[in-house]
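> Take a look at this one; I'll ask things after.
The values are calculated or read from the model by the stated rules, or taken from the named source; none is laboratory data. Given the structure is predicted, the values throughout are model-derived calculations rather than measurements. Cβ coordinates were reconstructed from backbone atoms using ideal geometry, including for glycine residues, and neighbour counts include every protein chain displayed. Side chains are part of the model used for accessible areas, which takes the heavy atoms of the whole protein and leaves out ligands, DNA and RNA. Shrake-Rupley method; radii C 1.70, N 1.55, O 1.52, S 1.80 Å.
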Amino acid sequence: IRRAPDLVLGSWCGKKFRPEKVAARPGWGGIPAVRDGQLFEVKSPLILQPGPAALTDGVAEIARRVREWSAFRAAG
């Protein structure tokens, strides 16, 4: 909370990331990422798989989300 992230990427092995549950945590309502709706899932198979694919597929997905966030910030 004290770091006030502008973007939150979540990934749970075997479970779906639920942005609304993260946003509902006590004290999280004031975080810029929550306020601006910038909470996103990175599918666990992309970043938790063994081998180099986590470094290619996973990093590509994270980079895509960061680019989208950057465009959102620029438009805001």
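> Out of (1) out of contact with any Asp or Glu (no Cβ under 8 Å at 6 or more places or on another chain); (2) of a type outside the set (S, T, N, Q); (3) in a strand (DSSP E or B), what's the single condition that is false for I1?
The number of the failed condition is (3).
> Counting just the residues of the stretch 8-24 that are in a strand (DSSP E or B) and within 25 Å of A75 (Cα to Cα), which one comes out nearest to the chain's Cα centre (by Cα)?
Ranking the candidates gives L9 first.
> Go through the residues of the stretch 48-62 one by one and say whether even a single one is open to solvent by 50 Å² or more (accessible area, probe 1.4 Å), closer than 27 Å to G76 by Cβ and in contact (Cβ under 8 Å) with a residue 24 or more places away in the chain.
Yes, the stretch 48-62 contains a residue that is open to solvent by 50 Å² or more (accessible area, probe 1.4 Å), closer than 27 Å to G76 by Cβ and in contact (Cβ under 8 Å) with a residue 24 or more places away in the chain.
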